[in-house]
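One structure is given below, encoded as structure tokens.
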Amino acid sequence: MKLKGNEEFVAKSLQIYFNKISKQVKYTEGEDPPDIYLHIDGNKIAVEITDIDENVLQGRKTIDRGYLTFIDNLEKKFKSLVAKDKKLFIIFFHNYNKVSKISKKFESYLQSILEKEDYEINCPIEDTINNIGFKINIHNMPKNGNKKIAGSVASFEGKVKKSREINIVMNQISDCHLSSKTFNIINNRIMDKNKKCTHIKKPIWLALYDNYFNKFTTFIDNEHFDFYNEIVAEINDFGIFDKVLIVFENGDILDIHT
């Protein structure tokens with residue numbers, strides 16, 4: 001099988017990496033699957049290679065878009081109920097459930113909160129409806145602000161720290177987006193490649209080429225390692241893979257024992 005895309009770069013990077021800690025290392029092309037075999041000091045290891053790429057989450061984009069449209073509609077419908085000096089940020093943790101599963105009940109829930117008029121600043125309201133989590137953050141209205149209700153989405157439950165500054169909250173929401181999307185891309189790759197590689201003799205490793213976080217990093221101070229270490233720590237099941245290796249465009253490799 002001829003290696004394609006980033007596979008040859010990954011294969012060569014793995015060879016260089018393991019040459020630093022082993023005496024004899026080479027790779028040969030596999031049968032797809034696996035993409036390659038690593039031969040390390042007489043041991044033959046099957047390695048499946050794939051990209052960490054946001055294009056694998058097309059279905060997620062459609063669901064996200066539904067929630068973002070819903071948040072816009074909430075702003076139009078309920079902005080008159082929000083106190084003049086206040087602003088609401090709503091974050092939905094949808095777990096791949098469509099917005100229709102929560103929309104009507106959430107509107108009633110939000111209206112009941114706004115009609116009380118005793119909600120606290122910087123004290124998030126957290127709850128779930130139909131197994132869809134959400135967090136409502138209430139802040140002082142920023143200068144020159146116009147939207148009374150805004151928000152964001154994530155695919156799994158996350159934490160956004162309290163903040164008195166709206167621009168800090170926006171940065172935290174961006175971080176939440178980046179982490180949650182990366183988490184879901186890696187989970188998607190693990191599940192997909194588990195199905196593809198079930199018949200392969202162990203040991204089997206999964207090599208993930210970073211084609212996503214490279215857009216947000218300069219590879220200074222090992223921030224790319226720190227970012228992926230935090231993501232991987234949240235993954236509970238790697239399936240058949242004994243080791244996961246994240247390969248970066250600068251040749252760095254994060255070696256994860258599952």
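Please go through segment 206-236 and pick out each residue that is at negative phi, free of Cβ contacts under 8 Å to residues at least 12 places away in the same chain and either surrounded by 15 or more Cβ atoms within 10 Å (Cβ to Cβ) or not small (Gly, Ala, Ser) (or both).
Listed by number, the residues that qualify are Lys215, Thr217, Thr218, Ile220, Glu223, Asp226, Asn236.
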From the option list Thr28, Thr128, Thr50, single residue qualifying as part of a strand (DSSP E or B), among the hydroxyl-bearing types (Ser, Thr, Tyr) and over 30 Å from Val10 (Cβ atoms) is Thr128
* To do: Kindly indicate whether any position in segment 4-20 is surrounded by fewer than 16 Cβ atoms within 10 Å (Cβ to Cβ), free of Cβ contacts under 8 Å to residues at least 60 places away in the same chain, in a strand (DSSP E or B) and in the same structural domain as Phe227 (by TED's automatic domain parsing).
  => no
Within segment 75-107, the count of residues that are in contact (Cβ under 8 Å) with a residue 40 or more places away in the chain and under 26 Å from the mean Cα position of the chain (by Cα) comes to 9
In segment 192-222, residues that are at pLDDT 90 or above and either touching a Cys at 6+ places or on another chain (Cβ under 6 Å) or not polar (S, T, N, Q) (or both) total 17
Here the residues within segment 228-248 that are out of contact with any helix residue (DSSP H, G or I) (no Cβ under 8 Å at 6 or more places or on another chain), within 14 Å of Pro34 (Cβ to Cβ) and not in a loop (DSSP other than H, G, I, E, B) are Lys243
Q) Can you find even one residue in segment 50-68 that is polar (S, T, N, Q) and surrounded by 15 or more Cβ atoms within 10 Å (Cβ to Cβ)? A) yes
Every listed condition ((1) outside any loop (DSSP other than H, G, I, E, B); (2) under 21 Å from Glu54 (Cβ atoms)) holds for Trp205 save (2)
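The values are calculated or read from the model by the stated rules, or taken from the named source; none is laboratory data. As the structure is a prediction and not an experimental result, all values here were calculated from the model. Quick reminder, even Gly has a Cβ in these numbers, built from the backbone with ideal geometry, and neighbours come from all protein chains shown.
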